[in-house]
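Worksheet: one structure, shown below.
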Amino acid sequence: MTNNTHARTEAAPEPEEVEVMPGVFLTARRPRATEPAPAPAPKSASDTLAAEWSAYITALHDLSTESVIGEYRAVDLAATQLVRSNAELAEYAAADPDPVLTEAIRENEAVLVRFEAKKKLVLQLLHKRGVDTRHAVGAELVEPAEEGKEEEEEEEGVFL
């Protein structure tokens, strides 16, 4: 009598098994034709960063106004704490130069730039929703063109 439970069929190949220890087998499962293919990996770090920013912006738009205000406050608090932490690291690095501390400070500065970009995105969204950001979060969205206008206005006038 033959055992047909392990019979191979031409349509579905058996998974490849490798004995990794006596009595322990590792099965290499091949994806079936009906399974979706995995998403392609991003091509570069900039693609990954762009995808992360896109996901962040999409998530922001899905939040209620109150939650967006909370996001601004959370990012602002994280930035404030990171500035304080970086100042402490800089003190230690000045007293005892250490390449690890110097690298940490540089990395933190890059994170701070991202925090500022996030804060600006949140302020822009709140502005679009008609929120008085000065009152809601204590910050005002200042566009580069507006910054130039303020400087021009300050230059005009009578100086004594």
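The values are calculated or read from the model by the stated rules, or taken from the named source; none is laboratory data. These numbers were taken from a predicted model, which means no experiment stands behind them. Reconstructed Cβ throughout: ideal geometry from the backbone, glycine too, with neighbour counts over all protein chains shown.
Values for this structure:
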quantity	calculated
Members of region 53-72 that are of a type outside the set (Phe, Trp, Tyr) and under 12 Å from LYS118 (Cβ atoms)	ILE57, ALA59, LEU60, VAL68, GLU71
Some residue of region 104-116 being modelled with pLDDT of 90 or more and basic (Lys, Arg)	yes
Region 76-129: number of residues that are in contact (Cβ under 8 Å) with a residue 60 or more places away in the chain and either touching a Pro at 6+ places or on another chain (Cβ under 8 Å) or outside any helix (DSSP H, G or I) (or both)	1
Residues of region 121-160 satisfying the condition of being surrounded by fewer than 16 Cβ atoms within 10 Å (Cβ to Cβ) and at pLDDT 80 or above	GLN124, HIS127, LYS128, ARG129, GLY130, ASP132, ARG134, HIS135, GLY138
